[in-house]
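Trainee: Submitted below is the structure of interest, expressed as structure tokens.
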Amino acid sequence: MSEKPHGDAAPSRRAVLGWGGAGLALGAAAVGGTVAVAGAGEDGPSSSDGVVPFHGRHQAGIATPVQDRLHFAAFDVRTKDRAELVRMLKEWTRAAERMTAGRAVGEGAYGGIPEAPPDDTGEALGLPASRLTLTIGFGPSLFDDRFGLAGRRPDALEDLPKFPGDNLDPARSGGDLCVQACADDPQVAVHAIRNLTRIGFGTVAIRWSQLGFGKTSSTTPEAQTPRNLFGFKDGTRNISGTDTASLDQHVWAGGGNAGWMAGGSYLVARRIRMNVETWDRTSLQEQEDVFGRDKRRGAAVGRSGEHDEPFLKAMKPDSHVRLAHPDSNGGAAMLRRGYSFTDGTDGLGRLDAGLFFLAYQSDPRTGFVPVQRALARSDALNEYIQHVGSALFAVPPGVRDEDDWWGRALFT
Ligand SMILES: C=CC1=C(C)c2cc3[nH]c(cc4nc(cc5[nH]c(cc1n2)c(C)c5CCC(=O)O)C(CCC(=O)O)=C4C)c(C)c3C=C
Ligand SMILES: [Fe+2]
């Protein structure tokens, strides 16, 4: 790709009108696919590095390799006009195509009509695509009478039950829509959410959002397993993004009563506060017993290598890994894709820190729910954590091409 990162937009209206013949030539080149735009380079190096393809059978941001940073936003829909919502989803899709390719939204951040605000907010000018992925989801509350979608709600999008120990803040829970923005540069992820929010002004409003850093799970087992804020390797036994058999079995939805979801997935998001101060005063032995893995290598009790198969009976009955393992839950499994967060302090001198747990599965009723029931009941980790936010979303299949848009199968 020869476009400059985030710098170039389609040639601006003024540029096309003003350049005359040059503008026409540019237009012809654009039809062919790539565009060498006058002025390319002034905002950063030209490169197609770090571009994760936006189009495909599945949305990017699920099985694709996990990036370093997250900006997650849940939105309430403010309009009651279905056509307006559809218009916005189409506009969002076109903007997402551009931003994930490292390009600015619409006509860009400068060079347009001086009397109008620019199409792009500009803070990603000169930055590469940074493996940005944008993944949309539809919450249970979207499927009400407002948009005539009640009959299209998937059975699998059943509200999550209340689990023992939950202390959920409604202001950090739920949402009609969500967008998960992941990138290796936080500015690129934030830019993407900000621009989608700007496009949606009047149609949707942000209900809550979460920034994340330090991925706590990876979908690439050959890479070094990241550590969570308790200092333990997290994601050792995650589903790999290239394990198509496991993805088909545990992650991609088949459709069920909602054919429009075939090739999609269900996302559970939980904001989990971690009491790092208490943890840091806990003995190493207790810490390792809590997880059932050792802190140095991440090896399961009685094993020496991180990826050696755990022997569950060697672990304490209330250890996290024993309780969460598929063998303890009738085979239940999910693809974890969470991030650490720190959101300042809580006024009592403690960090407001934790895990923003994100898990994708083919059906939460057979994925997250049974595992979380077991954990909520008996997990030794519960002494150190608390679930404070929760949301569930149906994540539709991927956008196939430039004529397709987020939610087309649901709304048409
Ligand atoms: C309901 C699902 C899960 C929640 C909620 C959850 C919270 C949570 N987990 C850790 C740290 C670790 N989890 C590990 C393994 C693990 N966790 C879950 C599920 C939930 N975790 C599963 C399915 C597994 C894999 C079990 C297995 O197959 O062996 C590990 C060990 C390393 C690994 O395999 O990833 C750690 C460490 C925290 C800190 C946390 C809440 C804050
Ligand atoms: Fe876990």
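The values are calculated or read from the model by the stated rules, or taken from the named source; none is laboratory data. As the structure is a prediction and not an experimental result, all values here were calculated from the model. Positions of Cβ are backbone-derived with ideal geometry, glycine not excepted, and every protein chain shown enters the neighbour counts.
Trainee: With (1) of a type in the set (S, T, N, Q); (2) within 16 Å of ligand 2 (Cβ to nearest atom); (3) modelled with pLDDT of 95 or more as the list, and Q180 as the residue in question, which single condition is left unmet?
Mentor: (2)
Trainee: Here's something else I'd like to know. Does the stretch 214-222 contain at least one residue that is within 14 Å of ligand 1 (Cβ to nearest atom) and free of Cβ contacts under 8 Å to residues at least 12 places away in the same chain?
Mentor: Checked against the condition, which is being within 14 Å of ligand 1 (Cβ to nearest atom) and free of Cβ contacts under 8 Å to residues at least 12 places away in the same chain, the stretch 214-222 yields no hits at all.
Trainee: Using the structure shown, decide if G235 is part of a loop (DSSP other than H, G, I, E, B) and surrounded by 16 or more Cβ atoms within 10 Å (Cβ to Cβ).
Mentor: Criteria met by G235.
Trainee: Still on this model: Does the stretch 312-330 hold any residues that are in a loop (DSSP other than H, G, I, E, B) and more than 11 Å from ligand 1 (Cβ to nearest atom), and which are they?
Mentor: Those that are in a loop (DSSP other than H, G, I, E, B) and more than 11 Å from ligand 1 (Cβ to nearest atom): K316, P317, D318, G330.
Trainee: List pairs: first residue in the stretch 290-303 and within 13 Å of G231 (Cβ to Cβ), second residue more than 11 Å from ligand 1 (Cβ to nearest atom) and not in a loop (DSSP other than H, G, I, E, B) anywhere in the structure, Cβ distance under 9 angstrom, at least six positions apart or on different chains.
Mentor: Hits for this filter: V290/A380; V290/E383; F291/A380; K295/L284.
Trainee: Additional query: Please work out if G344 is on the phi > 0 side of the Ramachandran plot, surrounded by fewer than 19 Cβ atoms within 10 Å (Cβ to Cβ) and touching a helix residue (DSSP H, G or I) at 6+ places or on another chain (Cβ under 8 Å).
Mentor: So G344 fails the test.
Trainee: Follow-up. Which count do you get for residues in the stretch 242-258 that are closer than 22 Å to R293 by Cβ and either modelled with pLDDT under 95 or within 16 Å of ligand 2 (Cβ to nearest atom) (or both)?
Mentor: 1
Trainee: Can you tell me which condition T366 does not meet? The list is (1) out of contact with any Phe, Trp or Tyr (no Cβ under 7 Å at 6 or more places or on another chain); (2) in contact (Cβ under 8 Å) with a residue 60 or more places away in the chain, and all the others hold.
Mentor: The one condition T366 does not meet is (2).
Trainee: Starting from the stretch 239-264, take each residue that is within 21 Å of A150 (Cα to Cα) and in contact (Cβ under 8 Å) with a residue 40 or more places away in the chain and list its partners that are buried (at least 20 other Cβ atoms within 10 Å of the Cβ) and among the β-branched types (V, I, T), counting only C-beta distances under 9 angstrom and pairs at least six apart or across chains.
Mentor: Every condition considered, the pairs that remain are A253/V395; M261/V395; G264/V395.
Trainee: Could you tell me which of the residues G398, G407, G338 is touching a residue at least 12 places away in the same chain (Cβ under 8 Å), buried (at least 19 other Cβ atoms within 10 Å of the Cβ), in contact with a Lys or Arg (Cβ under 7 Å, 6 or more places away or on another chain) and not basic (K, R)?
Mentor: G398
Trainee: Another question, if that's okay. In the set A333, A324, A353, which member is more than 13 Å from ligand 2 (Cβ to nearest atom), modelled with pLDDT of 95 or more and under 27 Å from F72 (Cα atoms)?
Mentor: The unique qualifying residue is A353.
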